[in-house]
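Heads up, the thing below is written out as structure tokens.
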Amino acid sequence: MGCSTSKGVVASPKAEQNFYSDYKLGKKLGEGAFGQVRLATERATSVEFAVKIVDVRDRDDNGMCTGHVNKSRDKVTKAEISLWNKASSSKNQHVVQLHCSFAEKSLYYMVCEKCQCSFMDRLVEAETMSDTDLSKIFNHMLRGVIHVHAMEIVHRDIKPDNFLWGGPNNEILKLCDFGLAVQMPKQGKLTGVFGTAPYMAPEMLRGDGYDFLVDVWSVGAVAYLMVFGNFPYSPPEASAPAMKEAILHDSPPLEFPEAGTAQGVVSGSLKKAVTFTKALLSRSVSQRLSAAEAIKDPFVAERSGQQVSPVKESAAAEPAEEAVAENLRANVRKAKKLTQKLSAKPSPTVQTGIEDLLKILIVKTGGDRSSSNLFFSEGDNQDQEAEEENQPMAADVRIKSQGSMRRAARTMTHSGVVSEMKSPSSGQSDDLITPSISFTAPLVSLGPAPKRRPSSGGKSDSEEQLRSTQGAQV
Ligand SMILES: Nc1ncnc2c1ncn2[C@@H]1O[C@H](COP(=O)(O)OP(=O)(O)OP(=O)(O)O)[C@@H](O)[C@H]1O
């Protein structure tokens, strides 16, 4: 046990130190394939953070815990923490900062900067959107990517889902999720296919070896999605293998439709966005811009110092401007739908398993007993009332409702809290830490922030998930 801080120093572990002694666990903010993200309030300061909790217990074919650690998930999670630590060791406002991490029992806790909402959720609800907004967005995205690259890290999963809005006024886009990131070797190239199919670079799929430029391609794919409302490659069959084949063979070929064509209406100021997108989506690696070069492109560099007004009066807008805004809004709606299709649906078994374990750990590890009530806040008042009446006693979570009892019983019989794991080491030394690239970021205002959506509700079923699972090669 112990806390590994973002400065790469493993704090001297106090015997009683654990996540719950330092933080109070709060409501759920989101769900991932192997874990969930919750609010965490630091007890000493009352500062609010988000905590990404990852469950590394092995599960059988029925989703039941085997009582062992899943070694590959454990390794991948340790690598995620190590690389996220490194990316956070030199602060950059365009990367979600990892504050501290814990490993307790079979759960990892990554305490990080709390953000407000996902990239797409905010855009879809924005009242207006202009090409200037788009240029700011890509300016912010590239700043995050440049920072990560300066740390010698290749992210490998750049996509809309992995950018969150945060910062003082929730107007800063921040890169998150280092689950597929990798340290760039000092010599040679990277190999292996990782990421989310529509955003994968051709050289990764060719097996030629790749480097930082795969992230630039992925930013280009996000730009294409925003400008044209579609992925760069849209094979007839919407599956990961078909998508990868299309990217690999440039078939059907990558096109940048001009104004008046069936696919897109790209005119006026958005032409600069198309030129920018083309430069990033160069199939030839030698001709593709680096992230540091891409941010100098006129589309993203020119207006980077300007403030964008949050809400424009549409009546006052020029007709051409209004057309661009409408075109962008329509593309964002289409892009959101496509992105939702790709979001891996969190497994209810995994989510229930984590929550059962958290309830026990909160009590066992000296956490605030009332915290365990928060698990009953999602739709069952009876459960909640019952829980309030019957405060759990140490090492004996007393749960009244039948459903909860079933879950608790399953935890006891199947999940078996696995033996204690060591705290993940930061895996870095000072000589690995390169200085950050420091920018003064302009703010992006896209209208009032939407209310956070229910965490899992936004995820939709897809015929086939186009995203590779964490750490898995596809
Ligand atoms: N720092 C944060 N602040 C606020 N909400 C967050 C934060 N990080 C993640 N979330 C929310 O939690 C959700 C799940 O995040 P997570 O990174 O675990 O998901 P994921 O990328 O889908 O998971 P996976 O690790 O399986 O790829 C996000 O979609 C977002 O809504």
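The values are calculated or read from the model by the stated rules, or taken from the named source; none is laboratory data. Because the structure is predicted, anything quoted here is derived from the model rather than measured. Backbone-built Cβ (ideal geometry, glycine too); neighbour counts: all protein chains shown. Only protein heavy atoms, including side chains, enter the accessible area calculation; ligands, DNA and RNA are left aside. Shrake-Rupley method; radii C 1.70, N 1.55, O 1.52, S 1.80 Å.
The set of residues from region 31-55 being at pLDDT 90 or above, more than 12 Å from MET110 (Cα to Cα) and within 11 Å of the ligand (Cβ to nearest atom) comprises just one member, GLU48. Here ASP161 meets the list (1) modelled with pLDDT of 95 or more; (2) open to solvent by 10 Å² or more (accessible area, probe 1.4 Å); (3) within 13 Å of the ligand (Cβ to nearest atom) almost entirely, failing just condition (1).
For TYR199, all conditions in the list (1) without any contact (Cβ under 8 Å) to a residue 60 or more places away in the chain; (2) crowded, with 18+ Cβ neighbours inside 10 Å; (3) more than 14 Å from the ligand (Cβ to nearest atom) hold save one; what is the number of the exception? Failing condition for TYR199: (3). Applying the criterion of being crowded, with 24+ Cβ neighbours inside 10 Å and under 18 Å from ASP121 (Cβ atoms) to the residues of region 175-189, the residue that is nearest to the ligand (Cβ to nearest atom) is CYS176. Could you check ALA40 against (1) surrounded by 14 or more Cβ atoms within 10 Å (Cβ to Cβ); (2) small (Gly, Ala, Ser); (3) more than 24 Å from the chain's Cα centre (by Cα) and say which number it fails? Tallying (1) surrounded by 14 or more Cβ atoms within 10 Å (Cβ to Cβ); (2) small (Gly, Ala, Ser); (3) more than 24 Å from the chain's Cα centre (by Cα), ALA40 fails exactly one: (3). Of all residues in region 70-83, none that is in the same structural domain as VAL148 (by the TED database) has its Cβ atom under 7 Å from the Cβ atom of a residue that is at pLDDT below 95 and part of a helix (DSSP H, G or I), 6 or more apart or on another chain. Looking at region 176-195, is at least one residue in contact (Cβ under 8 Å) with a residue 40 or more places away in the chain and assigned to a helix (DSSP H, G or I)? Within region 176-195, not a single residue is in contact (Cβ under 8 Å) with a residue 40 or more places away in the chain and assigned to a helix (DSSP H, G or I). For region 65-118, a residue qualifies if it is within 13 Å of the ligand (Cβ to nearest atom), open to solvent by 20 Å² or more (accessible area, probe 1.4 Å) and of a type outside the set (A, V, I, L, M), and the qualifying residues are ARG73, GLN97, HIS99, GLU113, LYS114, GLN116, SER118. Per this entry, ALA11 is not counted among residues that are at pLDDT 90 or above, more than 13 Å from the ligand (Cβ to nearest atom) and of a type in the set (A, V, I, L, M). Looking across region 59-95, the residues that are over 24 Å from TYR20 (Cβ atoms) and among the charged types (D, E, K, R) come down to ARG59, ASP60, ASP61, LYS71, LYS75, LYS86, LYS91. Quick one: which of LEU225, LEU142 is closer than 24 Å to GLN340 by Cβ and in a helix (DSSP H, G or I)? Only one candidate passes the filter, namely LEU225. Among the candidates ALA197, ALA201, the residue that is assigned by the TED database to the domain that holds THR275, in contact with a helix residue (DSSP H, G or I) (Cβ under 6 Å, 6 or more places away or on another chain) and farther than 17 Å from VAL285 by Cβ is uniquely ALA197. Can we say VAL124 is among the β-branched types (Val, Ile, Thr) and assigned by the TED database to the domain that holds ASP177? Yes. For region 119-131, the candidate set comprises residues that are surrounded by 19 or more Cβ atoms within 10 Å (Cβ to Cβ) and more than 27 Å from ALA40 (Cα to Cα); within that set, the residue that is nearest to the ligand (Cβ to nearest atom) is ALA126.
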